[in-house]
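Got a structure for you, written out below as structure tokens; questions coming shortly.
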Ligand code: ZN
Ligand code: ZN
Ligand code: ZN
């Protein structure tokens, strides 16, 4: 008898170990979403979107990026690899490639070709510049490549980086209005994507135009519709509702959809189609779908964080999420999917808005910084010693420095002193400072975590808090300050306890936590610090 009980206990134990995975993991990234939006717009959200996730799942209130630059490509790479640019190598959206002496794009790959209807350049993309495995890669290997991984986004980098090196597919939006892919993933576009594209759904959204979802009084958490901190969607259209998208379409083509909430809707349409046609979450082998909503970022950059355009975009995304969740319930089953939602970075207050409210900050266009650097270089050294300034990094022309008989160390010090005289600059670090940093200085540690000596410049600048290297309207991101680093992290569904945490946590903890939940290896570049409170049993 004892033996039988022991045998039963063992077999139950083993069984519950073996089958302990969700049928589908859904990773949602909302581009440029500040944690604050979940609080500020809370009264206007429905019960079935963001609030359904928060009320029934787990909320991390104090989740942060811990490196510079807080941009889209490094953000997506860091969420899915569980490490930072210094390790995964995605040090910007685009950056100066020292080896070839010109700019490169994060997902450029000249060895692959476009699939579908778009330009050659739009399709020559793959994850080859990503130097670590992703959680999605690890799931592929752990299931012997039987669990499917598909990445979707309006932005190429938002689709490609999360899906990783071993993805079945990644699809992104072309200016033709079609979703495209590359030969990195396969030789022929799946029929269902071609059929989806043939429906030209983007035109349905464009024909409807963009008006407010709710009565204008609902938008009292934002500034008036027409305010001086808003940019324009195109040259001739003022920043006021309603937007005649057909008129803008004639000038900008299908790209107009990006800067409206409907880029998110079109993507959700594609996500639901992918689940249906690729049978995601159907069998017991876990699949992983990554969905990155980009329109929030385009709208944020153009109109700013306090525009009703932005608020409307979030109220509509809330409804889109509600529809998507209902679809997951119906097709995959309520207890069978694990979902998380986060952002690839947050975003700053518009500097001029702060300035008009008496805070002494301003926006500094990057071009002004470059001009000042070049002028200083010619005035001081009689030559332009700058190869590039981008992503807060300064690259020197070492050949010219040598030819002129100058010493690199002295040149660096000279530029360091000059930069410190610039109004927006807080600190200036050389490559040596960064590589020798101990981690005690928080902002320097953020720079070090974003610094890959093979790819970054010889000097990195830290701007003063509140200053923006950007145009006068809208907003941007990139800094290590909390307004750029503080993002939501919500977990929901399979094995997720109800709860919330206010302790500070880092974005690099998401991937290793998923590893523990799925009982699969950690991505190979991560330090594997997990979000322990989430792993405590219900
Ligand atoms: Zn982004
Ligand atoms: Zn407006
Ligand atoms: Zn952005």
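If I model a spin label as a point 7 Å beyond the Cα along the Cα-Cβ vector, how far apart are those points for residue 119 and residue 404 in nm?
3.5 nm
Let me ask something additional. Can you tell me the orientation of helix 408-420 relative to the chain, as the angle in degrees between its alpha-carbon axis and the longest Cα principal axis, to the nearest 10?
The angle comes out at about 90 degrees.
With no solvent and one point on each alpha carbon, what is the Debye value of log10 I(q)/I(0) for the range 365-516 at q = 0.10, 0.19 Å⁻¹?
Summing over Cα pairs of the range 365-516 leads to -0.47, -1.22.
How big is the equivalent ellipsoid of the range 102-252 along its three axes, where each semi-axis is √(5λ) from the Cα gyration tensor, reported in whole Å from largest to smallest?
Values: eigenvalues 247, 69, 56 Å².
They are 35, 19, 17 Å, listed largest first.
Just need the relative contact order of the range 327-407 here, percent rounded to a whole number, with Cα pairs under 8 Å and 6+ apart. Before the final figure, lay out each step's value.
Numbers: 41 pairs, mean separation 9.4, N = 81.
Computed over the range 327-407, the figure is 12 percent.
For the range 64-115 and the range 123-185, what is the separation of their Cα centres, given in Å?
14 Å
For the Cα atoms of the chain, what angle does the longest principal axis make with the long axis of helix 2-18, in degrees from 0 to 90, nearest 10?
Rounded to the nearest ten degrees, it is 40.
Further question on the same structure: Report, please, the projected area of the range 163-298 averaged over directions, based on the convex hull of its C-alpha atoms, in nm². Walk me through the numbers before you get to the answer.
On the way: hull surface 42.6 nm².
Seen from a random direction, the Cα hull of the range 163-298 projects 10.6 nm² on average.
Then there is this: When 313, 533, 296 are ordered from fewest to most other Cβ atoms inside 10 Å of their Cβ, what list results? Walk me through the numbers before you get to the answer.
Working: 313 28, 533 15, 296 24.
Final ranking by Cβ density, sparse to dense: 533, 296, 313.
If you rank 487, 188, 291 by fewest surrounding Cβ atoms within 10 Å, what's the result? List each step's numbers first, then the result.
Numbers: 487 28, 188 8, 291 25.
Going from sparsest to densest Cβ surroundings: 188, 291, 487.
Only bridges with both residues in the chain count here: give the DSSP antiparallel percent, nearest 5. Mind dumping the intermediate values first?
Details: 32 of 59 bridges.
Rounded to the nearest five, the antiparallel share is 55 percent.
Right, something else. Can you give the FRET efficiency for residue 360 and residue 472, using 1/(1 + (r/R0)^6), R0 = 22 Å, r = Cβ-Cβ distance, to the nearest 0.05?
On the way: r = 16 Å, r/R0 = 0.73.
That pair, residue 360 with residue 472, gives E of 0.85.
Sort 28, 150 so that the residue with the fewest other Cβ atoms within 10 Å of its own Cβ comes first and the one with the most comes last. Let's see the in-between values first.
On the way: 28 21, 150 26.
Fewest to most other Cβ atoms nearby, the residues stand as 28, 150.
What is the helix-to-structure angle for 308-331, meaning the angle in degrees between its Cα long axis and the longest Cα principal axis of the chain, kept from 0 to 90 and rounded to the nearest 10?
In the chain, helix 308-331 runs at an angle near 30 degrees to the longest axis.
Since every read-out is calculated from the coordinates, none of them should be taken as a lab result. Being a predicted model, the structure only gives us computed values, none of them experimental. Backbone-built Cβ (ideal geometry, glycine too); neighbour counts: all protein chains shown.
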